[in-house]
Amino acid sequence: MKEVFLRYFQKKLKIISNLSESRLIATSSLFFVLTCNYGFFSNVYKLYVNQDNGLIFIVSLATTLWAILTLLLVIISFGILLRPILALLCLIAAAVSYFSDKYNTVIDITMLDNIVQTNKMEAIDLLSTELVFRLVFLGLLPGVLILFKTVRLESYRDRVQNRVKLIGFCLLVIGVGVVPNIPAYASFFREHKILRYYTNPITPLYSATYKLLKTIKKIPHYKIILHGEDAKISKSHTPNKLVILVVGETARSDHFQINGYKGLTNPLLNQRNVISFKNMTSCGTATAYSVPCMFSIFSEDEFDIDTSSYHENVLDILNHTGVAVIWRDNNSDSKGVAARVERENFQKNKTSVNCYEECRDTILIEDLDKYISLHQDQDILIVLHQMGSHGPAYFKRYPNDFEKFTPACHSPELMSCSNNEIINAYDNTLLYTDFFLDKAINLLEKEYTNYQTALFYVSDHGESLGEHGLYLHGLPKILAPKEQINIASILWFSENFDTNIDRVLDKKETPLSHDNISHTLMGLFDINTNQYDPALDLTK
């Protein structure tokens with residue numbers, strides 16, 4: 001029955017001639033170059049079209065890309081794995097091409113982590129008719145053709161000989177294409193490194209392979225590596241301290257009104273005595289990397305995302321000293337940061353009046369007074385992880401009453417909106433964040449007589465809104481524009497909070513980073529440990 005079905009299906013698809021394995025690989029590689037690399041070639045074309053011999057270099061680059069991709073496919077696809085691998089690559093290349101063409105994103109190691117950790121709601125926001133179209137016509141249908149294509153039976157010797165010939169031909173193509181254009185290639189690799197990340201599916205193949213090798217190489221840690229075991233509160237303080245740390249999502253520093261932005265995105269914070277750090281940068285450009293990094297006791301240079309889950313972080317250190325710590329989440333999750341402290345996830349609890357299609361960030365403040373009342377004899381740290389300005393469906397991040405910047409984009413397909421509409425929708429999310437932060441400060445003010453209170457807000461990363469043809473975030477930090485790494489950050493203190501405000505004010509214009517977060521948290525609670533560096537504490 002199976003054979004009858006296969007013959008029928010092949011007939012319907014008009015599969016007439018058989019291909020050898022080598023020709024199937026070469027043909028598939030050509031298909032990928034021609035249909036899934038528009039983002040790569042459009043960027044190359046813009047740079048080289050007006051240069052001497054620019055078109056010749058572009059043609060050379062195309063043939064070289066084909067040859068390199070063919071060589072990779074020869075190495076990774078063989079035997080019974082040949083057709084499944086090629087079919088899977090069709091789907092991967094189709095999906096990658098959509099995000100590369102539309103948002104100028106690249107699928108590197110960090111982006112793979114994001115994909116793995118993307119929840120259902122975030123995935124739905126990314127769906128579009130064009131994505132489905134590409135998946136079907138550039139991914140699914142070619143994949144089906146490959147899977148049901150009859151590959152000509154060859155002896156082992158013939159298969160090896162044909163592959164050797166194909167490898168030789170590819171090397172010849174590379175030589176003919178590169179050698180006469182060595183100066184152009186040298187300039188290309190030296191000055192336009194970012195373009196290499198757009199080659200599809202070479203970059204996702206490399207990223208997936210690298211990630212797999214690192215995963216295999218990992219030594220499982222059954223015991224968490226402890227840090228700050230010597231931590232203790234260095235001086236007594238009365239009353240106790242209550243700090244709310246808000247982990248923002250995708251908030252750019254240059255779109256905060258209190259930092260000089262022309263849009264009125266902070267009408268409420270602008271009326272408060274908040275201290276805004278204009279030159280704060282993130283350690284990553286994606287939540288999956290930035291959140292573990294900002295709570296790590298390691299500096300950005302020392303931080304390793306692959307081993308971060310094995311180490312205690314600053315929340316654990318505070319917990320050791322008796323500080324009551326709770327993590328409340330309206331984003332995907334804590335990325336492992338809150339694994340050993342109390343936590344609540346409101347993405348999975350939509351019974352609140354603040355939940356419609358999704359829960360609004362103000363749900364994070366609901367019933368906090370109950371938690372506070374249960375820990376009156378302790379210092380308290382409350383971490384609120386926002387949904388914030390998560391794109392591309394910015395319009396879902398705020399209630400209708402907060403659509404003050406108009407016209408605003410009401411589609412997750414940003415290319416269907418004007419740049420002004422995209423910016424307006426994004427600014428509306430910041431307007432709602434302003435309301436949320438003001439509401440959190442109101443709660444802290446009510447506890448003024450019982451606690452010394454403070455609010456610390458730091459975004460995880462920034463966002464591209466069309467600058468340089470880029471959208472969203474996630475580019476490798478070494479290549480990322482300032483819009484993706486210059487983040488919004490503020491501090492607010494109650495009048496009775498024991499700190500030197502002048503020292504904090506002195507840092508408003510100072511270049512700062514996520515490296516400051518852990519040490520500032522320890523400083524706020526007067527924690528003394530060998531892990532604490534006062535030079536990185538914003539209050540010192």
Quick one: angle between helix 21-35 and the longest Cα principal axis of the chain, in degrees between 0 and 90, rounded to 10, please. 50
Candidate residues Val176, Val504: accessible-area rank, largest first, probe 1.4 Å: Val176, Val504
Give the ranking of Met280, Met415 by solvent-accessible surface, highest area first, calculated with a 1.4 Å probe. Met415, Met280
Expressed in square angstrom to the nearest 10, the accessible area of Cys359 with a 1.4 Å probe stands at 10
Value of [θ]222 nm, deg cm²/dmol, for the chain, DSSP H segments ≥ 4, -39500 (n - 2.57) each, nearest 500: -13500 deg cm²/dmol
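If you average over every viewing direction, what projected area does the convex hull of the Cα atoms of segment 403-475 give, in nm²?
On the way: hull surface 25.2 nm².
That works out to 6.3 nm².
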Rounded to the nearest 10 Å², the accessible area of Val132 at probe 1.4 Å: 70
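Give the shape of segment 389-540 as rounded, prolate or oblate, defined through the alpha-carbon gyration tensor: a ≥ b ≥ c are the square roots of its eigenvalues, a/c under 1.5 means rounded, and otherwise the shape is prolate if a/b is larger than b/c and oblate if not.
Taking the square roots of the gyration eigenvalues as a ≥ b ≥ c, segment 389-540 is oblate.
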Can you list the HN-Hα couplings for segment 410-420, worked out from phi with the Karplus curve (6.51, -1.76, 1.60; θ = phi - 60°), rounded to whole Hz and with x for Gly and Pro? 10, 9, x, 8, 4, 5, 7, 10, 6, 4, 5
Pick the calculated percent of Cα pairs over 43 Å apart for this structure from [x] 18; [y] 32; [z] 29? [z]
Can you work out ³J(HN,Hα) from phi for every residue in segment 271-280, in order, using Karplus 6.51 cos²θ - 1.76 cosθ + 1.60 and θ = phi - 60°, giving whole Hz and x for Gly and Pro? 9, 10, 8, 8, 9, 9, 9, 6, 10, 8
The correct ranking of Arg163, Arg83 by accessible area at 1.4 Å, largest first, is Arg83, Arg163
Could you grab the relative contact order for segment 425-493? Cα pairs under 8 Å, six or more apart, rounded to a whole percent. 32
Quick one: grab the alpha carbon gyration tensor of segment 454-540, order the square roots of its eigenvalues as a ≥ b ≥ c, and give me rounded if a/c is under 1.5, else prolate or oblate depending on whether a/b is larger than b/c. prolate
Beta bridges by DSSP in the chain, antiparallel share as percent, to the nearest 5: 35
Tilt relative to the chain, helix 156-178 - C-alpha long axis, 0 to 90 degrees, to 10: 70
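The values are calculated or read from the model by the stated rules, or taken from the named source; none is laboratory data. All values derive from a computational prediction rather than experimental measurement. The protein model used for the area step is the full one, side chains on, heavy atoms only, and it has no ligands, DNA or RNA in it. Shrake-Rupley method; radii C 1.70, N 1.55, O 1.52, S 1.80 Å.
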